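In what follows, a single structure is set out as structure tokens and then discussed.
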Amino acid sequence: MKLDQREWLVEDWMPIGHKVMDTNTEGGFKTILGCWIAVCVASGNLFFGKKVKQGPVLMIDEETPYKDLTIHLERFSQGLGYKSWEELPITVRSMEGFRFGRKEDFNKLFKVIKEVKPVFIRFDSVLACLPGGREGMEENSDKTGIAMRDDLNRILDEVPECTIMIAAHAKKLVAEYSMAQLKESEMVSVVRGHGSIVGQACDTGLMIKKISEHPKTSRFVLITKPKRCAIPAAAKDVFVEIEEEAYGKGPASLKEISPMVIPPSKIAKDLFPLFSEDEAIKASKINSTAAFYTKKDNKMGVEELIERKVVTTPPGEPFSYLLNRKRKKQADENYLTELEKVLTDREIMWETPGKSARGRDQTETQRFTRKPAKRKKVVRIRKTQLGGVCEEN
């Protein structure tokens, strides 16, 4: 094979023979995306402007009831001009009990695969297709990724001209990530469960970032994460909008839209009040807000505020910010220097009252950082009469 002759299910995006994994938190358009790809492949319709390899599609969904899943397929099929999804070569197996690592379940599915000979197989989702504790393959077990790998590789051996796409739930904190945080993250740090799930069952990653949903127009972004080979489409994030007659009704389709402003992340919104000119901000407010995030996340939250020009950094003064108010007044340099240190350079500690075994009040120091320190240190901040802050140990 020549170097420039790689085969694609979706041109320059999803290679033939790859295991593609798409991820987002619950309600993050994973099922919607999977149904749209299925209809595009089955019909030969362009997928966000890119050519597809047309052919039979097999959907194994252990999370979405059959009726709900087929409604999505019906709406998208009608959006492309078909009377029904049943006109297309799509085979649906919903809530039939398939589990990775179970020989009987796999043999049953394997018969269907031999009959259909799909070019695209969709699994939804990793969590729903795990067998549970009896086999010792819950989501945090290292056996899980191996079982998935063995089953998926056997499928690809039978239908080598096929691409498999697996929906995976993301960790809860990912819902609060900004666009910048998500783009800097790797699939293994985003997908929920043991690292072997990504290591063994993901050749190309696809992160989904929700922008808005009903009652607003439903929009999201697709961020491609190559793993095994170069993916040309990864150079561009794809902004998507659900085009429909009414919310949840009538023909529908997904269309690519121009890049747009992403809503601020929860971290940025939480940190923003700390940069207020209000003199009533207390040290406890700084600690209690920042302590729930890692140093890296806090830093990215501050950088997002700067990037959005909600707070700005004058050239040559990295720790002095200008507040973007009606009066652009330079904030107190000492205060913001210390705040920057607390948010990005120090391990935040937070003291909370507790009870000893004998019932007496005591102070328990709770950690909110990932890496244990050799010596615990509580950072306390008090304001000076000039509006600055100083540190007490």
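The values are calculated or read from the model by the stated rules, or taken from the named source; none is laboratory data. Please read all numbers here as calculations on a predicted model, not as lab measurements. Note: ideal-geometry Cβ built from the backbone for every residue, glycine included; neighbour counts use all protein chains shown.
Couple of notes before you dig in:
- Residue match in the range 104-123 (condition: touching a residue at least 12 places away in the same chain (Cβ under 8 Å), within 30 Å of S265 (Cα to Cα) and surrounded by 20 or more Cβ atoms within 10 Å (Cβ to Cβ)): yes
- Conditions (1) on the phi < 0 side of the Ramachandran plot; (2) at pLDDT 95 or above: number failed by G44: (1)
- Pairs, first at negative phi in the range 15-31, second among the hydroxyl-bearing types (S, T, Y) and in a loop (DSSP other than H, G, I, E, B), C-beta under 8 Å, six or more apart: K30/S125; T31/T64
- Candidates in the range 173-191 are the residues that are in contact with a Ser or Thr (Cβ under 8 Å, 6 or more places away or on another chain) and outside any helix (DSSP H, G or I); of these, the one that is modelled with the highest pLDDT is V191.
- Selection within the range 200-219 - in contact with a helix residue (DSSP H, G or I) (Cβ under 6 Å, 6 or more places away or on another chain) and surrounded by fewer than 23 Cβ atoms within 10 Å (Cβ to Cβ): Q200
- The single condition among (1) crowded, with 17+ Cβ neighbours inside 10 Å; (2) under 20 Å from K30 (Cα atoms) that Y82 does not meet is (2).
A quick yes/no check of all residues on (1) assigned by TED's automatic domain parsing to the domain that holds M95; (2) under 18 Å from V238 (Cβ atoms); (3) in contact with a Ser or Thr (Cβ under 6 Å, 6 or more places away or on another chain):
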{"residue": "D12", "(1), (2), (3)": "yes, yes, no"}
{"residue": "G17", "(1), (2), (3)": "yes, no, no"}
{"residue": "V20", "(1), (2), (3)": "yes, yes, yes"}
{"residue": "A42", "(1), (2), (3)": "yes, no, no"}
{"residue": "K83", "(1), (2), (3)": "yes, no, no"}
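- M21 being buried (at least 21 other Cβ atoms within 10 Å of the Cβ), aliphatic (A, V, I, L, M) and within 25 Å of C129 (Cα to Cα): yes
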